[in-house]
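Take a look at the structure below.
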Amino acid sequence: MTATEAPLLEVRGVVKTFPAGGLLHRRVVHAVDGVDLHVRRGEVLSLVGESGSGKSTLGRCIAGMSAPDSGSILFDGQDVAALDRAGRVEFRRRVQPVFQDPRASLDPRWPIARTIAEPLVANGMGAAAARDARVAELMSLVGLPRHLADRRPRELSGGQQQRVAIAAALALEPELLVADEPVSALDVSVQAQILNLLAELRERLGLALLFIAHDLGVVEYLSDRVAVMYLGRVVETGTVDDIFEQPQHPYTRALIDAIPHPDPQRRMTTARLAGEIPSPIAPPSGCHYHTRCPWAVDRCSVERPGQTPFGPTHEAACFVAAEHPFPPRTSVTLQKGTL
Ligand SMILES: Nc1ncnc2c1ncn2[C@@H]1O[C@H](COP(=O)(O)OP(=O)(O)OP(=O)(O)O)[C@@H](O)[C@H]1O
Ligand SMILES: [Mg+2]
């Protein structure tokens, strides 16, 4: 990619709220609160953060399954909201979702070959014989033995079901997969197999992947870059090295600290994740993280921090780090109060 080429996906200032419901009917849930990010062609960007931070909501907006309240999503340089009918059909071909629970995308009554062929049928692609050949090719691509073609989803393991869902998602040769925790519903023993499959597909097909995950260990293995979300906002983005070696946002540091690590040298002991994530109905003022942040200063509860660059690929939204960048994680332990 040349420096001037637009990213495959660009998210600009996306906001998404939901009615809070019940007695709080006049209030709203701030699920996504002004997010900017981009994914380049063939790149794996992981989106991480605690439960409720807005990852799935943002993923649904990006996959075209939900419309943002404001802000824009550009795919291949074009505003998705401004696409005409033909443009939307093309967008839905080029961007495919993969869900946590594979059963959500599989019809229980259909043999899996039919599920995999369905996107081809729906888009009027190929004669029956050509479709059969394509289904066989897709099954082999995702490592499904051919003899499973006539089985129903319930006859397959969870890992095999997810392979079927991935095969169906790949049928129309998309350029971006939006995978929302695609392995977290699977047995631990098969999670690695599906992750390896995604890594391999990305390599072979040049796919870009927006990978939504809880598990930072998985993210470190699969990603080129990582975006960390907290209460609807992206607080830090960077390459895997930026994020894991030199995290700048205290929330990122706390998340990394929470990963169990056998090597004590690689454990960070200064920024524990204290307390619960606040309600997105009434998020804290200023930096949303200030209520849990051991380094918060007065300004943090008043002003929303903008993104500060910490390197060519690295930025974080933290007033404290902007003034005194945090040292690499592996260096001498930093104690609260030494900044
Ligand atoms: N359809 C909806 N109606 C009302 N509130 C919603 C809806 N979808 C999401 N929310 C709320 O928006 C916030 C963000 O939810 P979201 O599912 O995007 O978070 P998440 O980061 O994906 O969490 P998890 O890690 O648990 O999957 C949460 O407070 C959630 O309750
Ligand atoms: Mg989610």
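Take residue 118: with every protein chain present and a 1.4 Å probe, its accessible area is about 60 Å². Considering only 19, 46, 9, the residue lying farthest towards the positive end of the dipole of the range 7-47 is 19, judged by Cα position with unit charges set on Cβ. Separation of the range 104-124 and the range 279-300, taken as the distance between their Cα centroids, equals 46 angstrom. If I fit a long axis through the Cα atoms of helix 85-94 and take the longest principal axis of the Cα atoms of the chain, what angle between them do I get, 0 to 90°, rounded to 10? Between helix and principal axis, roughly 80 degrees. What the Cβ-Cβ distance of residue 133 and residue 85 gives, at R0 = 41 Å and to the nearest 0.05, is a FRET efficiency of 0.85. What number, in percent, do you get for the relative contact order of the range 52-148 if the mean sequence gap of Cα pairs under 8 Å and at least 6 apart is divided by its residue count? Reported as a whole number, the value is 14 percent. 3J(HN,Hα) along the range 52-61, derived from phi through the Karplus expression 6.51 cos²θ - 1.76 cosθ + 1.60 where θ = phi - 60°, amounts to x, 7, x, 4, 5, 4, 5, x, 5, 5 Hz, with x in place of Gly and Pro.
Here the Kirkwood formula, the inverse mean of 1/r across different C-alpha pairs, assigns the chain a hydrodynamic radius of 21.3 Å. Relative to the compact-globule estimate of 2.2 N^0.38 Å, the Cα radius of gyration of the range 124-182 comes out at 1.16. Please check: in the Gaussian network model of the chain (C-alpha springs, under 10 Å), which one of 93, 204, 233 has the largest mean-square fluctuation. The residue with the greatest mean-square fluctuation here is 204.
GNM on the chain, alpha-carbon springs under 10 angstrom: the most fluctuating residue among 195, 177, 58 is 195. Other residues whose C-beta falls under 14 angstrom from the C-beta of residue 73 contribute a net charge of +1, scoring Lys and Arg +1 and Asp and Glu -1.
Under 5 Å from the amide H of residue 98 lie the amide H atoms of 178, 179, 180, each residue being 5 or more positions distant or on a separate chain, with H modelled from the backbone and absent for Pro and chain starts. Largest GNM mean-square fluctuation across 23, 141, 37, computed for the chain with C-alpha springs under 10 Å, falls on 23. Each of 71, 312, 243 was placed along the dipole of the chain (beta-carbon charges, centred on the mean Cα), and the one lying farthest toward the positive end is 71. Once fully extended, how much extra length lies between residue 214 and residue 239, figured as 0.36 nm per residue of separation less the alpha-carbon to alpha-carbon distance? Extending this stretch completely gives an extra 7.3 nm. Note that the range 228-323 shows a convex hull volume over its alpha carbon atoms of 98 Å³ per residue.
The C-alpha atoms of the chain define a longest principal axis, and helix 158-170 lies at about 80 degrees to it. The H on the amide N of residue 234, modeled in the peptide plane, is under 5 Å from the matching H of 36, each at least 5 residues off or on a different chain. For the chain, what's the relative contact order in percent, using C-alpha pairs closer than 8 Å and at least 6 residues apart? Value for the chain: 19 percent. Once backbone amide H atoms are built at 1.01 Å from N, residue 28 has 20 as its partners under 5 Å, excluding neighbours fewer than 5 places away on the same chain. Quick check: the angle from helix 112-122's long axis to the longest principal axis of the chain, C-alpha only, nearest 10 degrees? Once rounded, the angle reads 90 degrees. Net charge dipole, the chain: roughly 780 debye, given to the nearest 20, about the Cα centre with Cβ charges of +1 for Lys and Arg and -1 for Asp and Glu.
When the Cα positions of 210, 222, 87 are compared along the charge dipole of the range 9-223, 87 comes out farthest toward the positive end, with charges on each C-beta of Lys, Arg, Asp and Glu.
Heavy-atom accessible surface of residue 251, to the nearest 10 Å², is about 0 Å², with a 1.4 Å probe and all protein chains retained.
Its alpha carbons considered, the range 1-115 gives a radius of gyration followed by a Dmax of 16.4, 53 Å.
The values are calculated or read from the model by the stated rules, or taken from the named source; none is laboratory data. Treat the numbers as computed from the prediction; the structure is a model and nothing was measured. Counting neighbours? That spans all protein chains shown, and the Cβs are built from the backbone with ideal geometry, glycine included. Surface areas here come from the heavy atoms of the whole protein model, side chains and all, with no ligands, DNA or RNA. Shrake-Rupley method; radii C 1.70, N 1.55, O 1.52, S 1.80 Å.
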